[in-house]
Amino acid sequence: MELVVVNGANNIARSVIRGLTATGKYSRVRMLDFRPYKEAVYAFQRELGSQNVQLNKHLVSNLGSLEIGMEGADEVVYFTHDYFSLTSCKNNTLVAAADIAKKLGVSKMVAVCPVEHDMAMSDDADSWIEKRQEAEQKALDKNSKMSVLSSDLVFGKDPTHLVHYMHQCALAGKIQGPILSDDAKFKPVHHADLTRAIERSMSAGLTGQFAVRGTEEVTSRQLLNLVEKSCGVEPGNTRARFETPVFPVARMMEEFLVGMAADTNMAEMIQYFSENQDAPVSGQDIWQATGSEPEEALSQFFKYHRV
């Protein structure tokens with residue numbers, strides 16, 4: 001059976017693909033992405049090939065090529081892409097993919113929207129969180145048969161996104177100041193639990209919007225301390241690096257002219273949650289909806305994890 005994964009080249013998506021194919025249900029994976037021809041994807045292709053899973057890469061440069069790439073798909077997992085420059089709008093791509101899936105008669109579609117992949121800025125009165133929620137609702141309005149899984153920060157033995165970046169910064173000893181926050185709070189979820197949430201959503205035919213979170217709440221600083229310990233670094237050793245102050249207008253010009261760097265976007269996200277009380281994710285709790293619970297605990301994982 002074939003699984004079609006839209007925006008599947010990022011770390012979190014590859015981890016989920018690894019988990020879904022390990023069940024033996026899928027023998028082929030069709031990866032659609034803006035940048036599928038990169039070293040990490042080729043290595044991943046060889047890894048899956050050694051397990052008799054065929055990975056086919058497809059370049060998606062616009063909505064027309066996305067529709068062509070999704071033709072014939074029966075089960076689709078969509079991910080918010082993790083690119084922050086020279087690519088399409090994350091929110092518009094979600095809505096378009098939902099519409100295309102309905103048009104093509106895709107029987108099962110799960111859209112996974114990791115908060116750490118969002119563009120953490122807005123150029124009008126609505127916050128980026130409000131814009132994301134609006135896009136997710138538009139996608140559900142376009143395709144009432146799909147489910148949207150809004151995920152908290154993702155961690156695990158596989159590289160993810162923000163946590164993977166924290167590992168790099170802990171070893172370097174420097175990180176953006178906003179990430180050392182005691183106010184931005186999250187409930188990180190293990191990539192294996194995220195995979196299980198997707199599986200259960202698919203098998204149960206869930207529709208609507210769901211939140212995928214872990215059980216333990218930590219601040220951004222506390223999460224970094226756990227990462228530091230796993231790197232053999234004394235917790236609290238990672239310091240804020242010096243950065244020239246950038247005014248909002250200058251930040252907008254930077255994003256327009258050269259794009260937002262991924263690390264800058266992470267810092268902007270943490271800064272937003274430090275200053276606002278918005279929850280990182282929205283929707284009904286996926287574990288309550290499926291009568292299950294996360295199997296991987298954050299503190300227990302980092303108790304033994306070493307890099």
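The values are calculated or read from the model by the stated rules, or taken from the named source; none is laboratory data. Keep in mind that this is a model prediction, so the values were computed, not measured. For neighbour counting, all protein chains shown are included, and Cβ atoms are generated from backbone atoms with ideal geometry for every residue, glycine included. The protein model used for the area step is the full one, side chains on, heavy atoms only, and it has no ligands, DNA or RNA in it. Shrake-Rupley method; radii C 1.70, N 1.55, O 1.52, S 1.80 Å.
Which of Lys157/Lys229; Lys157/Lys303; Lys174/Lys229; Lys187/Lys303; Lys38/Lys108 have a Cα-Cα distance over 21 Å?
From Lys157/Lys229; Lys157/Lys303; Lys174/Lys229; Lys187/Lys303; Lys38/Lys108, over 21 Å: Lys38/Lys108.
Pick out which of Asp285, Asp182, Asp123 has the largest mean-square fluctuation in a Gaussian network model of the chain, springs linking Cα atoms closer than 10 Å.
Asp123
Could you work out how much longer the chain between Arg28 and Glu2 gets when fully extended? Use 0.36 nm per residue separation minus the Cα distance between them, nm to one decimal.
That works out to 8.9 nm of additional length.
Could you give the accessible area per residue of segment 1-145, probe 1.4 Å, as a whole number in Å²?
42
Quickly estimate the mean residue ellipticity at 222 nm for the chain, helices only: each DSSP H run with n ≥ 4 gives -39500 (n - 2.57), and the total goes over all residues, rounded to 500.
-13000 deg cm²/dmol
Over the chain, with every protein chain in place, what whole percent of the accessible area is carbon and sulfur at 1.4 Å, could you tell me?
That fraction is 49 percent.
Put a dot 7 Å past each Cα toward the Cβ at Gln300 and Lys145; how far apart are the dots in nm?
Going from the Lys145 label point to the Gln300 one covers 3.8 nm.
Expected output is a single nm value to one decimal: the length gained when fully extending between Ala240 and Ala262, i.e. 0.36 nm times separation in residues minus the C-alpha distance. What is it?
Length gained between Ala240 and Ala262: 6.2 nm.
For Gly8, which sequence-distant residues (separation of 5 or more, or a different chain) have an amide H within less than 5 Å of its own amide H, given hydrogens modelled in the peptide plane?
Result for Gly8 returns Leu32.
What number comes out for the charge environment of Lys102, summing +1 per Lys or Arg and -1 per Asp or Glu over other residues with Cβ under 11 Å away?
With Lys, Arg at +1 and Asp, Glu at -1, the net is +1.
Within straight cross-link reach of Lys142, meaning Cα distance under 19 Å, which aspartates and glutamates are found once same-chain residues fewer than 8 apart are removed?
Qualifying aspartates and glutamates at Cα under 19 Å: Glu67, Glu71, Asp74, Glu75, Asp99, Glu130, Glu134.
Counting other Cβ atoms within 10 Å, which chymotrypsin sites (Phe, Trp or Tyr not before Pro) in segment 4-47 have at most 14 and lie in a DSSP loop?
Tyr37
When Lys and Arg each count +1 and Asp and Glu each count -1, what net charge do the other residues less than 13 Å away from Asp285, Cβ to Cβ, add up to?
Summing Lys and Arg as +1 and Asp and Glu as -1 gives 0.
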